[in-house]
Amino acid sequence: MASIIGYGSYVPYWRLQRKAIGGALGGRGGSGTRAVASYDEDTTSMAVEAARPIIGPETTVDSVIFATTAPAYLDKTNANAIHAALALPASTFASDAIGSVRSTAAAFRAAAANSESTLVAIADQRIGLPNSADERDGGDGAAAFLFGPGDGIAEIIGTASSSVELLDRWRIPGDIASRTWEERFAEPVFVSAATDAFADALKKANVTPDEIDKLIVTGVHTRAAKTARKALGIRPEAVVPDLVDVIGNTGAAHPGILLAGVLDEATPGQVIGLVVLGDGADAFVLRVREGITSARQPLPLATQVAAGNDTLRYADFLTWRGQLRREPPRRPDPDTPMAPPALRSTRWKFGLVGSRCTSCDERFAPPQRVCLNCGAVDEMAEQPFAGAKGVVRTFTVDRLSYSPSPPLVAAVIDIEGGGRLEFEVTDLVGPESVAVGDEVELTFRRLYTVDGVHNYFWKARPQRTVTAGSGGEDS
Amino acid sequence: MASHGIRDRVAIVGMGCTKFGERWDKSTDDLLVDSTQEALQSANLDVKEIDAFWLGTMGSGLSGLTLSRPLKLDYRPVSRNENFCATGSDAFRNACYAVASGAYDVAMAVGVEKLKDTPYSGLAVAGAANDGTQPALSAPAMFSLLVPAYQKKYGVTEEQMREVLTRIAWKNHANGARNPRAQFRAAVPKETIDCSPPIAGPLGVFDCSGVSDGSAAAIIVRAEDAHRYTDNPLYVKALAFVAGPGGGTLGQDYDFTTFHEVVRSAEDAYQQAGVTDPRGQIAMAEVHDCFTPTELVLMEDLGFAERGTAWKEVLAGTYDLEGDLPVNPDGGLKSFGHPIGASGLRMLFECWLQLRGQAEDRQIKTSKTLGMTHNLGGLPGECVSFVSLVGTEPSA
């Protein structure tokens, strides 16, 4: 059995105000906001962002399991892009658990049962037709958990499930949106399954309901999750808020995101109940270990949630989701990434690994064979740039070039410790908000999709910082 | 190892240049016939008397057949050159060397580009197959990177910079208005330039050169033969060309307020021609004003202004048609237009007219005898740069 030894959450920068939907389509639209994956994000890129803080150059990872209901590719393993973006060795196994919210439980179970080191990356992008409940109440986000030997930061001490073949929510491959049955029909089915699975898990964990310090109940059947929170017999103050009001329901990622939020503030010895509704219910009981005090994620969930930008226009949201086709610029389509050069440059394109001259220490991105500084030939070592910080040397707002969301903002970035990048800048308050001297960090994105190929690469974004009072005080 | 140059060993004895612009009325073949016929007529030559050809085009045709077919050449050698926006200059340079080497008596350099047969805004260049990690910035965006860097380094405010860039565009449009071959023939008020639709960074439409079709040609012979063809040839004083190592996008030393490639090619050219005081010795310069900030930075790189002062010189009118050192008297890329492969030879065509007193309405008044063309291709941080000096007087 393996314990959780590292965790991370990722909530994208953009929020859609639900009233913006009503403003465009009529009706009320609802209150609060939902998290929105930017035009340059998908489940693969968000999973990378969640996992990056917990995977360093020295971290051992034997397997990567990627769980999502919204894979970027079919018939091709998405976990391999995550694996490559984390610059993991070829000997690391990578595989997808794709299909439903339950894929998350599959990944957790597999990782916990394994004695090796497993990275579970979960991401979801909840898409519905305009004016649907899924569009309004869904959300986008990701979480990652590294499982490994030892006590770690939390141990899964009880696991149980209740499987029900239930026509509550389904989607034929190729459809944009899921279909659902009448809401009231499945509610008691879910509550019953949750009650059974949770009781079973408590029993296996040898824990009584009043020993539960934190209870997380998630599920895309919002109404059933709400009822189950009350039905499981746990103290109300132990129930973890579901954040649906602010980030929406992030589907397969939601249990992971909420668990990350709990771990941000958990203390050793605490017992956490995690119940996920979907095609029945899956229940986990976890005990927090001593390791938690030294393994908090650098940017707590509360900070990520609070840092959102809710000025996104509904028309842009629809455009980003491909549901509103707009006039393209009078420019050629962007280059299709070609398979042979992409394979040759995997370490650079996905891992952002450049080179460093072993003769004079000059750093290069992309990697070079001949040193610009001293002229040495083939005396280069690998130089990772992904975790680097940089400063904007100069910048531009390109209103002519193709971009999935014009205008394209780009900057020349000088990296702390050496090296220079010419990168797009993303997650900006506005296109005019960049200035010379701004501090930026790097983020893995999907630049664009052309000819059915997702072009993954890196961009810069404004340096994110921990906001006061958002936890992580002992990290 | 050294760059010796071929000072005064070859001379230009004939030139031609089409009207530049959206030439939907003319094909690439038509433009090539027009420019070469004009060049041949100005030297009183028949095409059969040209021994070898260098054709510069970035994307309007592959191989020497692009020229030999429309001109029906009699089994003559044609080299096809490509060197980004400095393509035409490189064709000229190689033709000069061929004559200087003694391999041929008479050579012709031709540049052509047909950009307006595609529907794109701005310049569209197809790159080599790649991994999708190359920056996808447009040319104006790349050159606009100069602006914030220059402002920061020299303490120039946004408002001052706008005034400077507008002054450059205004000057080049005013010059082009006097040039019947220019793409844009109207002077443009500063207020219009100030508020033109934004393209990239602080650059508006009027900060960008004209996307255009056109062709230009030059005939080159040995200097001692020049007077057989014309009474007033132009002697080639210097030809300098460099391709940079691309260091500006890799290393932190490059600060986006200069083009190292331009500095190096200018040093080489001045040394070849024995020029020690470019600002004082040169009568006029045609420089690569692809975007207004490019012209600003070039004034410093070419030694026409001290570092950090070109913006003041621009505002003082130093580079105006009536200024101390007229720059782009023909309107430049800005208003003459920029058909890539033809531009280097178009610059030379203005030297041909100005130094020989044939520039009519825009004729500069000077006793100096040297003209410069400066042509660059690529982007700030990684480009190729060409500088030529030509003059009416052979050295003693």
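Quick check: anything in the stretch B:143-166 within 11 Å of chain A (Cβ to nearest Cβ), farther than 30 Å from A:Pro332 by Cα, among the polar types (S, T, N, Q) and in a helix (DSSP H, G or I)? Working first, answer last.
Pass one, the stretch B:143-166, residues within 11 Å of chain A (Cβ to nearest Cβ): B:143-153.
From what's left, farther than 30 Å from A:Pro332 by Cα: B:150-153.
From what is left, the residues that are among the polar types (S, T, N, Q) are B:151.
Imposing the further condition that a residue be in a helix (DSSP H, G or I) reduces the set to B:151.
Scanning the stretch B:143-166 turns up at least one residue that is within 11 Å of chain A (Cβ to nearest Cβ), farther than 30 Å from A:Pro332 by Cα, among the polar types (S, T, N, Q) and in a helix (DSSP H, G or I).
Screening A:Ser162 with (1) under 22 Å from A:Glu265 (Cα atoms); (2) not aliphatic (A, V, I, L, M); (3) not in a helix (DSSP H, G or I) gives one miss only, at (1).
Taking the conditions exactly as written (in a loop (DSSP other than H, G, I, E, B) and buried (at least 20 other Cβ atoms within 10 Å of the Cβ)), does A:Pro337 satisfy them or not? Criteria met by A:Pro337. Considering the stretch B:1-33, and only residues there that are closer than 24 Å to B:Gly371 by Cα and of a type in the set (Ser, Thr, Tyr), the residue that is surrounded by the most Cβ atoms within 10 Å (Cβ to Cβ) turns out to be B:Thr18. Of all residues in the stretch B:12-37, those that are without any contact (Cβ under 8 Å) to a residue 40 or more places away in the chain have Cβ atoms under 6 Å from Cβ atoms of residues that are in a helix (DSSP H, G or I) and surrounded by fewer than 24 Cβ atoms within 10 Å (Cβ to Cβ), 6 or more apart or on another chain, in B:Val33/B:Pro70. Regarding the stretch A:73-81, can at least one residue be identified that is over 24 Å from A:Asn114 (Cα atoms), touching a residue at least 24 places away in the same chain (Cβ under 8 Å) and assigned to a loop (DSSP other than H, G, I, E, B)? Yes: the stretch A:73-81 contains one or more residues that are over 24 Å from A:Asn114 (Cα atoms), touching a residue at least 24 places away in the same chain (Cβ under 8 Å) and assigned to a loop (DSSP other than H, G, I, E, B). Going by what's in this entry, would A:Leu428 be described as modelled with pLDDT of 95 or more, more than 8 Å from chain B (Cβ to nearest Cβ) and out of contact with any Lys or Arg (no Cβ under 7 Å at 6 or more places or on another chain)? Yes: the conditions hold for A:Leu428.
Where in the stretch A:202-306 are there helices (runs of 4 or more DSSP H), lying fully within it, with 2 or more residues that are under 30 Å from A:Arg18 (Cβ atoms) and among the polar types (S, T, N, Q)?
Working: elements: A:222-231, A:244-247, A:254-265, A:301-306.
By residue number, A:222-231, A:301-306.
Figure legend. Inter-residue proximity from the stretch A:324-351: first residues touching a residue at least 12 places away in the same chain (Cβ under 8 Å) and within 8 Å of chain B (Cβ to nearest Cβ), second residues outside any loop (DSSP other than H, G, I, E, B) and of a type outside the set (A, V, I, L, M, F, W, C), beta-carbon distance below 6 Å, spacing 6+ or different chains. Indicated pairs: A:Pro334/A:Tyr448; A:Pro337/A:Asn455.
The residues on offer are A:Thr69, A:Thr92, A:Thr43, and the sole one that is closer than 18 Å to A:Thr449 by Cα, touching a helix residue (DSSP H, G or I) at 6+ places or on another chain (Cβ under 9 Å) and either of a type outside the set (Lys, Arg) or not assigned by TED's automatic domain parsing to the domain that holds A:Ala281 (or both) is A:Thr43.
For the stretch A:43-90, the set of residues classified as surrounded by fewer than 21 Cβ atoms within 10 Å (Cβ to Cβ), over 21 Å from A:Gln304 (Cα atoms) and touching a Pro at 6+ places or on another chain (Cβ under 8 Å) consists of A:Pro57, A:Leu74, A:Ala87, listed by residue number. Note on the stretch A:410-425: residues that are part of a strand (DSSP E or B) and either among the acidic types (Asp, Glu) or more than 9 Å from chain B (Cβ to nearest Cβ) (or both) amount to 5. Scanning the stretch A:20-33 for residues that are more than 25 Å from A:Met46 (Cβ to Cβ) and in a helix (DSSP H, G or I) returns A:Gly22, A:Gly23, A:Ala24, A:Leu25. In the stretch A:385-400, which residue that is assigned to a loop (DSSP other than H, G, I, E, B) and over 28 Å from the mean Cα position of the chain (by Cα) is surrounded by the fewest Cβ atoms within 10 Å (Cβ to Cβ)? Out of the qualifying residues, it is A:Arg399.
For the stretch B:62-97, filtered to residues that are among the aromatic types (Phe, Trp, Tyr) and surrounded by fewer than 21 Cβ atoms within 10 Å (Cβ to Cβ), the residue that is farthest from the chain's Cα centre (by Cα) is B:Tyr75. Do we have A:Phe317 as assigned to a strand (DSSP E or B) and buried (at least 21 other Cβ atoms within 10 Å of the Cβ) here? Here the answer is no, as A:Phe317 does not meet what is asked.
For the stretch A:243-265, give me each residue that is surrounded by fewer than 24 Cβ atoms within 10 Å (Cβ to Cβ), more than 23 Å from A:Ala231 (Cα to Cα) and in contact with a helix residue (DSSP H, G or I) (Cβ under 7 Å, 6 or more places away or on another chain). Residues satisfying the conditions are A:Val246, A:Asp264.
Suppose we keep only residues that are under 19 Å from the mean Cα position of the chain (by Cα) and assigned to a helix (DSSP H, G or I) within the stretch B:98-141. Which one would you say is nearest to the other protein chains (Cβ to nearest Cβ)? Among those that are under 19 Å from the mean Cα position of the chain (by Cα) and assigned to a helix (DSSP H, G or I), it is B:Pro140. Scanning the stretch A:360-384 for residues that are within 9 Å of chain B (Cβ to nearest Cβ), in contact (Cβ under 8 Å) with a residue 24 or more places away in the chain and in a loop (DSSP other than H, G, I, E, B) yields a total of 2. Figure legend. Inter-residue proximity from the stretch A:1-16: first residues free of Cβ contacts under 8 Å to residues at least 24 places away in the same chain, second residues of a type in the set (A, V, I, L, M) and not in a loop (DSSP other than H, G, I, E, B), beta-carbon distance below 9 Å, spacing 6+ or different chains. No pairs are indicated.
Within the stretch A:440-449, is even one residue of a type in the set (Asp, Glu), part of a loop (DSSP other than H, G, I, E, B) and more than 9 Å from chain B (Cβ to nearest Cβ)? Outline the logic, then answer.
Taking the stretch A:440-449 and keeping what is of a type in the set (Asp, Glu), we get A:441.
Keeping just the survivors that are part of a loop (DSSP other than H, G, I, E, B) gives none.
No, that holds for no residue.
Checked against the criterion of being at pLDDT below 95, part of a loop (DSSP other than H, G, I, E, B), within 9 Å of another protein chain (Cβ to nearest Cβ) and more than 30 Å from A:Thr267 (Cα to Cα), the candidates A:Ser403, A:Ser433 yield just one match: A:Ser403.
The values are calculated or read from the model by the stated rules, or taken from the named source; none is laboratory data. Small disclaimer: the values here were computed from a predicted structure and weren't measured. In this analysis, Cβ positions are derived from the backbone assuming ideal geometry, glycine residues included, and neighbour counts consider all displayed protein chains.
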